[in-house]
Amino acid sequence: MNHNRENPIEAGGGLILPGLPGGSEPVEGRQAPLTNMGLALGTLMECMAVGQESPRLGLLYGYSGYGKSVGAAFAAARTNATYVCAKSVWTQRTLLEAIASSLGISKLARTAPKILEQIIEQLAIFPRPLVIDEMDFLVKRQAVEIIRDIHDATSIAIMMIGEEDLPAKLKEWERFDNRILVANAAQPASDEDTLKLRDHYCLRARIADDLALRFNQACRGCTRRIVTNLIEADSLAYAERPATADLAWWNGRPIKTGDLQIRRIQGGRA
């Protein structure tokens, strides 16, 4: 049984954003090493660089849509880490089963404590970092101490990915919190990130810099929404064939930001 989310990083290091329009197929030869991909890799490598007696837990946290999961998978691919993406319905046993399965343990023990022993034994023989995405679900399910057990019984680095308030949530577990070596906040997409996304996703038309950057501004750096608008602009430009697909051509068309639209009644009054 494989609990892993489909790895959003292709073998060559190119960017695929899972769950985004147009993000299901790799683009041959194109790469987009975004800010949060580098931040995730740096976070994990910092935890890998310290000795076994030092804390080796890392956090990458931030708002939804910033590309944290892509960064996590990128870091896992570059370091040969085990990657596990938690789900809302997972129990403590489900977490153990997912980690064991990701490590290649095919015959699981009958009880959760024994599965934990299998994981520890496997990591003692073949140590490799562990990346856990959607960590907030595991906090809610009281599964935090399982991760501490794995950390304390092995020499591996563990990086956890979660929402903006994940560091505050983990303060409840003092013995866990004091093992966190580094906690980095995911960043909103920069202008450079936006143009890399444009070059990656807009393959049928040339979207001008000013339009791509306007999407970034309107979406407040949310990578997922920037990509949604870039793909729509690419489709429209391909159909309309403007001389330049720039901000003037866009001509005030709505930008998908996730904000609620104000309903207007006849006569123009809200």
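Worth a mention:
- Reach of residue 196 by Cα under 20 Å, taken over aspartates and glutamates that are not fewer than 8 positions away in the same chain: 10, 25, 28, 209, 210, 232, 234, 246
- Here the accessible area of region 116-183 is 48 percent carbon and sulfur, with a 1.4 angstrom probe and all protein chains present.
- For residue 61, the accessible surface of its heavy atoms amounts to roughly 40 Å² (probe 1.4 Å, protein chains only, rounded to the nearest 10).
- Accessible area in square angstrom per residue, region 119-270, 1.4 angstrom probe: 54 Å²
- Checking the cross-link pairs 87/140; 87/107; 68/169; 87/256; 169/256 against a 20 Å limit on the alpha carbon distance flags 87/107; 87/256; 169/256 as lying beyond it.
The values are calculated or read from the model by the stated rules, or taken from the named source; none is laboratory data. This structure is a prediction, so every number in the text was calculated from the model and none was measured. SASA here: full protein model, heavy atoms, side chains in, ligands and nucleic acids out. Shrake-Rupley method; radii C 1.70, N 1.55, O 1.52, S 1.80 Å.
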